[in-house]
Amino acid sequence: TQQTVGKGVLLLSSYSLGLGIPFVASGLGINAFLRLFKRMKAHLRIVETISGLVLIVVGLLMFLGVFSSIMGILR
């Protein structure tokens, strides 16, 4: 009927908008992200090293069973 066609158009339109908005937002924000990334590129090695060390320390704490004790104290 005419009513279900209208409802279908409304649902399809809202679905399409919901699907398309993140892509449009990504397209609009990519230049700002690339400028920021270009500035951060000089510090990337330091960030990678610190992140790796944090992962190693957390892994060791979990392996030794100390991590759950620390989480219990912080809770």
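The values are calculated or read from the model by the stated rules, or taken from the named source; none is laboratory data. Every value quoted in this text rests on a predicted model; they were computed, and no experiment measured them. Cβ atoms come from the backbone with ideal geometry, glycine included; neighbour counts cover every protein chain shown.
Across the range 35-75, what is the number of residues that are surrounded by 10 or more Cβ atoms within 10 Å (Cβ to Cβ) and either among the hydrophobic types (A, V, I, L, M, F, W, C) or in contact with an Asp or Glu (Cβ under 6 Å, 6 or more places away or on another chain) (or both)?
The qualifying residues number 19.
Answer yes or no: is there a residue in the range 2-20 that is under 19 Å from the mean Cα position of the chain (by Cα) and loosely packed, with under 10 Cβ neighbours inside 10 Å.
Yes - at least one qualifying residue is present in the range 2-20.
Quick one: which residue in S26, S68 is part of a helix (DSSP H, G or I), hydroxyl-bearing (S, T, Y) and at pLDDT 90 or above?
The unique qualifying residue is S26.
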